[in-house]
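Trainee: Attaching a single structure in structure tokens format; questions to follow.
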Amino acid sequence: MSALTRGVLALAVALAGGGAAAVTGRGGAPAGIVGSPAPVLRGSDLTAAPFDLADLRGQVVLVTVWASWCAPCRQELPVLAAAAHDLAPRGLRVIGIDFRDRAGPARRLLRASGAQQLRCVRDPDGRLAVQWGVFGVPETFLVDRAGRVRARRVGAVDQAWLHTRVEPVLTPPPDRPHT
Amino acid sequence: MRTRQIGLVALATALVLAALLGLHAAGRGGDHDPRARARMLEAQLRCPVCAGQSVAESRTETAAAMRAQVEALVADGHRDGQVRDWFAARYGRTILLLPPTRGPDLALWLTPLLPTLVVAGWLVRRRRSADQRVSPAGRGVPPAAP
């Protein structure tokens with residue numbers, strides 16, 4: 001085998017290896033923002049009051065992206081409202097991003113779902129949600145007390161996800177009295 | 001014969017280089033109109049919830065939000081590469097329809113060179129074999145006098 005042939009073969013192997021790595025994404029950026037600091041979430045809520053996620057540093061926050069035109073969000077909102085109520089004593093806050101929506105229908109759905117206490121940031125052009133790398137709605141991110149994204153839920157949040165992913169990072173529940 | 005082979009190799013190399021330069025220019029853009037730049041960048045981003053559509057083509061709400069973000073980044077003065085990196089950091093590199101011209105992705109750009117090198121190597125080897133068959137010992141020696 002000549003030196004030229006060996007050179008061409010070596011180049012072919014190198015290119016094939018590099019190409020495979022590029023296609024499979026090996027060594028590349030992780031898909032999504034899990035493990036990274038939470039993106040900026042600053043704006044006005046559905047009552048036009050200013051909101052900044054940075055003010056909640058030190059608490060566990062569920063950031064849920066939803067819209068009144070999204071059918072699965074209608075099933076998810078009561079679950080999130082219950083979690084916001086039940087797990088608040090253990091340090092959980094639930095914040096919504098109202099994605100490409102109008103304030104009127106959004107407020108009506110929150111009331112109909114019993115989730116009117118849920119604080120939601122308006123995102124009429126969707127740019128806030130894109131900061132979080134959102135694929136669609138509903139989508140939910142768990143932000144820990146240090147302000148890092150710990151988990152991501154694509155699709156509606158359910159009790160199982162809350163139990164396995166959210167509750168372990170909350171303050172443990174107080175011991176129940178022995179009977 | 002030799003001149004023809006060299007010409008073929010040169011032509012093939014020129015074609016591959018032209019294709020690479022064209023692809024590279026397509027990836028870099030070069031249009032200074034912000035709206036045109038935004039359209040070009042949107043065409044280079046994959047819609048994350050569609051099958052085989054770019055952000056520019058998709059009618060989904062997610063793609064519309066991504067288009068709004070591209071326009072905002074361009075208006076803020078971000079360069080083309082910075083806009084692509086911004087999305088890759090949030091959605092992963094698979095969001096890019098054109099692979100970057102660095103890192104492992106560089107191999108995807110260089111792969112078209114491989115057939116040219118293979119053909120060039122084959123032609124050179126063939127030429128050498130032909131030269132060896134033409135009595136190498138007698139080359140350059142004048143024929144003996146009768």
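Trainee: Each residue of region B:71-82 in turn: what ³J(HN,Hα) in whole Hz from Karplus with 6.51, -1.76, 1.60 and θ = phi - 60°, glycine and Pro shown as x?
Mentor: 4, 5, 5, 4, 5, 7, x, 5, 7, 4, x, 5
Trainee: Something else now. How much accessible area per residue does region A:100-179 have, in Å², with a 1.4 Å probe?
Mentor: 55
Trainee: Is there a simple number for the mean count of other chain Cβ atoms within 10 Å of the Cβ of residues in A:128-141, and what is it?
Mentor: Details: counts 2, 5, 13, 4, 1, 7, 8, 6, 5, 2, 0, 1, 0, 0.
Per residue, the number of nearby Cβ atoms from other chains is 4 on average.
Trainee: Quick one: buried accessible area between A and B, total over both chains, 1.4 angstrom probe, nearest 100 Å²?
Mentor: What A and B bury together is about 2400 Å².
Trainee: Would you calculate the separation in nanometres between label points at A:Q59 and A:Q117, each defined as 7 Å from the Cα along the Cα-to-beta-carbon direction?
Mentor: 1.2
Trainee: Next question. Let me know the mean shielding of B:112-119 by other chains, meaning the per-residue number of their Cβ atoms within 10 Å of its Cβ.
Mentor: Mean partner shielding for this stretch: 3.
Trainee: Quantify, in whole percent, the carbon and sulfur part of the accessible surface of region A:75-179 (1.4 Å probe; protein heavy atoms only).
Mentor: 50
Trainee: At what distance in nm do the modelled label points of B:R4 and B:R127 sit from each other, each positioned 7 Å from its Cα along Cα→Cβ?
Mentor: The modelled label-to-label distance comes out at 1.4 nm.
Trainee: Take B:D33 and A:R148, extend 7 Å from each Cα along the Cα→Cβ direction, and tell me the distance between the two endpoints in nm.
Mentor: Placing both labels 7 Å along Cα→Cβ, they lie 4.6 nm apart.
The values are calculated or read from the model by the stated rules, or taken from the named source; none is laboratory data. Because the structure is a prediction, the values reported are computed rather than measured. Cβ: placed from backbone, ideal geometry, glycine included. Neighbour counts: every protein chain shown. These area figures cover heavy atoms from the full protein model, side chains too; ligands, DNA and RNA do not enter into them. Shrake-Rupley method; radii C 1.70, N 1.55, O 1.52, S 1.80 Å.
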